[in-house]
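Data block below; observations after.
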Amino acid sequence: MAALQICTYPDPILRRKAEPVKTVDRELRKLIDEMAETMYAAPGIGLAANQVGKSQRLLVLDLQRPEYEQGLMALINPTIVAASGETTYEEGCLSVPEFFSNVKRHEQVTVQAVDKEGHPVEITATGLLAVVLQHEIDHLEGRLFIDHLGTITRELFKRKWKKRLKEDKA
Ligand code: NI
């Protein structure tokens, strides 16, 4: 299976709010498989559909750490229904390559979604799983982790990115 192309900042699709998925069918499951493949190949621990050019409310994640046993998760139309506490984690993003920064997030979130069988699921997560869920659901809203940075780090990012885009063109 071929990996999909990952859109990178400032691709406008990353800023568009993704559309709700209406039916969980074979085509959607194929997209889920391709997104998982793309995430593992990158490699990354989470991927939202709009990062591969599909403006749909769908995400895959796999923390790939022994302390988290949930393995590959695919969440359709996920929403955060409860959030509490505060945590800081150094985040990165496949759409913002080679830039990492601390981001403040909720320590615990409860997410309601539909799984790839079309069944409703509810997950209460803490730690890295909670961080990745918030990061990926942000993507579906057209938000990126760099939007959470303070003004100084954000300026640093902008400068670094300008340089990077210039180098890409050269
Ligand atoms: Ni990301």
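The values are calculated or read from the model by the stated rules, or taken from the named source; none is laboratory data. What you are looking at is a predicted structure, and each value in this text was computed from that prediction instead of being measured. Cβ atoms come from the backbone with ideal geometry, glycine included; neighbour counts cover every protein chain shown.
Among the listed residues Leu133, Leu140, Leu129, which satisfies the condition of being touching a Lys or Arg at 6+ places or on another chain (Cβ under 7 Å) and closer than 23 Å to Asp33 by Cα? If you could, list the steps in order and put the result at the bottom.
On the way: Leu133 fails: touching a Lys or Arg at 6+ places or on another chain (Cβ under 7 Å); Leu129 fails: touching a Lys or Arg at 6+ places or on another chain (Cβ under 7 Å).
Matching residue, one of Leu133, Leu140, Leu129: Leu140.
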- Task: Determine which member of the set Ala125, Ala130 is surrounded by 15 or more Cβ atoms within 10 Å (Cβ to Cβ), within 18 Å of Glu69 (Cα to Cα) and without any contact (Cβ under 8 Å) to a residue 24 or more places away in the chain.
- Result: Ala125
- Mind listing just one residue for me: the one in the range 118-170 that is hydroxyl-bearing (Ser, Thr, Tyr) and at pLDDT 95 or above and, of those, farthest from the ligand (Cβ to nearest atom)? Thr124
- Message: If I filter the range 18-27 for residues that are touching a residue at least 12 places away in the same chain (Cβ under 8 Å) and among the polar types (S, T, N, Q), do I get at least one hit?
- Response: no
- Scanning the range 140-164 residue by residue, the ones that are out of contact with any helix residue (DSSP H, G or I) (no Cβ under 6 Å at 6 or more places or on another chain), surrounded by 13 or more Cβ atoms within 10 Å (Cβ to Cβ) and over 13 Å from Gly92 (Cα atoms) total 8
- Note on the structure: When Arg57 is run through (1) crowded, with 16+ Cβ neighbours inside 10 Å; (2) within 16 Å of the ligand (Cβ to nearest atom); (3) under 27 Å from Glu98 (Cβ atoms), the failure sits at (3)
- Looking at (1) loosely packed, with under 13 Cβ neighbours inside 10 Å; (2) within 16 Å of the ligand (Cβ to nearest atom), find the lone condition where Ile45 falls short. (1)
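Determine which member of the set Glu19, Glu37 is under 28 Å from Trp161 (Cα atoms) and more than 16 Å from the ligand (Cβ to nearest atom).
Values: Glu19 fails: under 28 Å from Trp161 (Cα atoms).
Going through Glu19, Glu37 in turn, the sole match is Glu37.
Regarding the range 116-129, can at least one residue be identified that is charged (D, E, K, R) and assigned to a helix (DSSP H, G or I)? Outline the logic, then answer.
Residues of the range 116-129 that are charged (D, E, K, R), as a first pass: 116-117, 122.
Filter once more, so that each one left must be assigned to a helix (DSSP H, G or I): none.
Within the range 116-129 (the criterion being charged (D, E, K, R) and assigned to a helix (DSSP H, G or I)), the answer is no, since none of the residues qualifies.
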- Message: Considering only residues that are closer than 18 Å to Asp138 by Cβ, under 15 Å from the mean Cα position of the chain (by Cα) and crowded, with 16+ Cβ neighbours inside 10 Å, which ones fall in the range 14-42?
- Response: Leu14, Ala18, Met35, Met39
- Query: What is the residue count in the range 66-100 for residues that are surrounded by fewer than 19 Cβ atoms within 10 Å (Cβ to Cβ) and either within 15 Å of the ligand (Cβ to nearest atom) or outside any strand (DSSP E or B) (or both)?
  - Reply: 16
- Restricting the first residue to the range 89-118 and requiring it to be under 13 Å from Ile146 (Cβ atoms), which pairs with a second residue that is at pLDDT below 95 and away from the ligand (no atom under 16 Å from the Cβ) meet a Cβ separation below 6 Å and a spacing of at least six or different chains? Ser101/Thr153
